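Chemist: Please see the structure below; I have some questions.
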Amino acid sequence: MPSRSWPPAPAPAAGAGPGTVAEAVAVQEELRPLVDLVGPGPTAPTTVAGLDVAYARSGDLLAAAVTVLDARTLAVVDSAVSVGRPAFGYVPGLFAFRELPALLAALDRLTTRPDLLVCDGHGLAHPRRFGLACHLGVVTGLPAIGVGKTPLVGEWAPPPARRGAWSPLRDGGEVVGRVLRTRDGVKPVFVSVGHRMSLENATAQVLALTPRYRLPETTRTADRLCRDALAGAR
């Protein structure tokens, strides 16, 4: 599927947004067939974007951040934030609707078009196989993957303790991602395809983004930025 123009144009699910759980589920069901789970996606991206969201303790304010990293040096070359109100209620499996408008607003403020989106969350590893990474990928047309700190669905066997080891994440007999060890002897992360990527390539990109720590540098830099933006907005 070819990429859309940049910056991303709002999609139906990213505009006014659904008003009920049933409407949100219907949007996911409508957009899910548009997801490209084959890829293979960029094997040598020039730039990679990290996306993350921080919430105020009250839950009524959020800050969405996007950091674009040089894929070779992992230096931040562009960034943007958007502060606003959650666009949907707190419903497991529907978090994308809380965060998508703010994330798209932040993406719209970038001057650099990233080759790959790395979401702090899940893609295919979702109850309806349409997590945040899938939603963002379909809306923007960009290759996207999800890297979760904890699983949302599925069963797995712990991978070996060495960096680079992985085991399949299965849900209902279907492989929906990989449980990947990014550091020797450290808790694994949960990698799943979002859009226009293969699982093999997604795994390789996550390892390339974790030279020193458990979480990808994309996630670490976006996390710092959104927390700083939230603190400044209070």
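The values are calculated or read from the model by the stated rules, or taken from the named source; none is laboratory data. Because the structure is predicted, anything quoted here is derived from the model rather than measured. Methodologically, a virtual Cβ is constructed for each residue, glycine included, from the backbone with ideal geometry; neighbour enumeration extends over all protein chains shown. Ligands, DNA and RNA are excluded from the accessible area calculation, which covers all protein heavy atoms including side chains. Shrake-Rupley method; radii C 1.70, N 1.55, O 1.52, S 1.80 Å.
Chemist: Hey, does the range 133-142 have a residue that's open to solvent by 10 Å² or more (accessible area, probe 1.4 Å) and within 14 Å of the chain's Cα centre (by Cα)?
Modeler: We begin by selecting, within the range 133-142, every residue open to solvent by 10 Å² or more (accessible area, probe 1.4 Å); these are none.
Within the range 133-142, not a single residue is open to solvent by 10 Å² or more (accessible area, probe 1.4 Å) and within 14 Å of the chain's Cα centre (by Cα).
Chemist: Cβ-Cβ below 7 Å, separation at least six or inter-chain, first residue in the range 140-158 and closer than 10 Å to Val176 by Cβ and among the polar types (S, T, N, Q), second modelled with pLDDT of 95 or more and open to solvent by 10 Å² or more (accessible area, probe 1.4 Å): which pairs?
Modeler: none
Chemist: Right, here's the next one. Out of curiosity, is Ala125 open to solvent by less than 10 Å² (accessible area, probe 1.4 Å) and within 13 Å of Val179 (Cα to Cα)?
Modeler: On the way: open to solvent by less than 10 Å² (accessible area, probe 1.4 Å): yes; within 13 Å of Val179 (Cα to Cα): yes.
Yes.
Chemist: Right, another one. Take the range 182-206 and flag every residue that is part of a strand (DSSP E or B) and hydrophobic (A, V, I, L, M, F, W, C). Show your work before the answer.
Modeler: Filtering the range 182-206 for residues part of a strand (DSSP E or B) gives 189-195.
Scanning the range 182-206 gives Val189, Phe190, Val191, Val193.
Chemist: Let me ask you something else. For the range 23-46, state whether one or more residues are in contact with a Gly (Cβ under 9 Å, 6 or more places away or on another chain) and part of a strand (DSSP E or B).
Modeler: No, the range 23-46 contains no residue that is in contact with a Gly (Cβ under 9 Å, 6 or more places away or on another chain) and part of a strand (DSSP E or B).
Chemist: Can I ask one more? Can you find a residue in the range 92-100 that is more than 21 Å from Arg196 (Cβ to Cβ) and part of a strand (DSSP E or B)?
Modeler: no
Chemist: Also, I was wondering about something else. Those residues that are assigned to a strand (DSSP E or B) and open to solvent by less than 40 Å² (accessible area, probe 1.4 Å), I need them from the range 76-91; list them, please. So that I can check it myself, show each step before the final result.
Modeler: Of all residues in the range 76-91, those assigned to a strand (DSSP E or B) come to 76-84.
Of everything in the range 76-91, those that are assigned to a strand (DSSP E or B) and open to solvent by less than 40 Å² (accessible area, probe 1.4 Å) turn out to be Asp78, Ala80, Ser82, Gly84.
Yes/no per residue for (1) closer than 29 Å to Ala26 by Cα; (2) touching a Gly at 6+ places or on another chain (Cβ under 8 Å):
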site: Leu107; (1), (2): yes, no
site: Pro188; (1), (2): no, no
site: Gly194; (1), (2): yes, yes
site: Leu209; (1), (2): no, no
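Chemist: Is there any pair with a first residue in the range 180-209 that is closer than 25 Å to Gly141 by Cβ and without any contact (Cβ under 8 Å) to a residue 40 or more places away in the chain and a second that is aromatic (Phe, Trp, Tyr) and open to solvent by 10 Å² or more (accessible area, probe 1.4 Å) whose Cβ atoms are under 9 Å apart and which are 6 or more apart or on different chains, and what are they?
Modeler: What qualifies is Thr203/Trp166.
Chemist: If you don't mind, there's one more thing I want to ask. Give the residue, chosen from Leu225, Leu199, that is in contact with a Leu (Cβ under 9 Å, 6 or more places away or on another chain), open to solvent by less than 60 Å² (accessible area, probe 1.4 Å) and aliphatic (A, V, I, L, M). Lay out the reasoning, then the answer.
Modeler: Working: Leu225 fails: in contact with a Leu (Cβ under 9 Å, 6 or more places away or on another chain).
Being in contact with a Leu (Cβ under 9 Å, 6 or more places away or on another chain), open to solvent by less than 60 Å² (accessible area, probe 1.4 Å) and aliphatic (A, V, I, L, M) holds for just one of Leu225, Leu199, which is Leu199.
Chemist: Is it fair to say Arg183 is at pLDDT 95 or above, open to solvent by 50 Å² or more (accessible area, probe 1.4 Å) and of a type outside the set (Ser, Thr, Tyr)?
Modeler: Details: at pLDDT 95 or above: yes; open to solvent by 50 Å² or more (accessible area, probe 1.4 Å): yes; of a type outside the set (Ser, Thr, Tyr): yes.
In short, yes.
Chemist: For the range 40-75: of the residues being β-branched (Val, Ile, Thr) and open to solvent by 30 Å² or more (accessible area, probe 1.4 Å), which is nearest to Pro216 (Cα to Cα)? Break it down stepwise before answering.
Modeler: Just the residues of the range 40-75 that are β-branched (Val, Ile, Thr), to begin with: 43, 46-48, 53, 66-68, 73.
Within this subset, residues satisfying the condition of being open to solvent by 30 Å² or more (accessible area, probe 1.4 Å) are 43, 46, 73.
Working: Thr43: 16, Thr46: 16, Thr73: 13 Å.
Once the filter is applied, the top-ranked residue is Thr73.
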